[in-house]
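Since every read-out is calculated from the coordinates, none of them should be taken as a lab result. None of these values were measured; they are calculated from a predicted model. For neighbour counting, all protein chains shown are included, and Cβ atoms are generated from backbone atoms with ideal geometry for every residue, glycine included.
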Amino acid sequence: REALGRGAAALSLGEGKATLQLREEARCSALELFKLPVAEARSQLQALVFGMAGRIESLERRLEADLLQSLSCLSLTEADPSPRKNRGAGSALPAKRKIPGESLINPGFRSKKAPSGVDFEDS
């Protein structure tokens with residue numbers, strides 16, 4: 001396909017055959033491809049398709065096994081060897097105490113004057 005695209009090969013179709021000419025290759029200047037009878041072509045195509053499906057299935061199983069193996073190795077290396085009594089409670093950060101006068105929107109900023117609140121009776 002690449003050779004056809006760059007003009008290094010030519011494909012010509014004839015009655016019952018196709019000829020592929022490779023201009024770069026001196027040892028194989030022409031390759032003749034003959035048309036097969038329908039029954040033989042069907043059986044060869046079927047064997048080719050089933051063979052490809054079998055290889056794909058084998059590759060999928062191998063990939064799945066490799067993935068499971070790498071995940072199990074990953075979980076073993078990242079596991080914490082020291083047991084904790086209360087893992088859920090121990091992993092949470094302690095709540096930060098609010099300092100009087102500290103801004104809720106901008107933590108760390110402290111108002112210079114004491115918080116006064118809202119007086120609803122002046123309205």
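Its residue count N fixes a reference of 2.2 N^0.38 Å for segment 36-76, and the Cα radius of gyration divided by that reference is 1.95.
Other residues within the sphere of radius under 15 Å centred on the Cβ of Lys35, judged by their own Cβ, net out at -1 (K and R +1, D and E -1). Rounded to 0.05, the FRET efficiency of the Leu31 and Glu60 pair, given R0 = 35 Å and the Cβ-Cβ distance, is 0.55.
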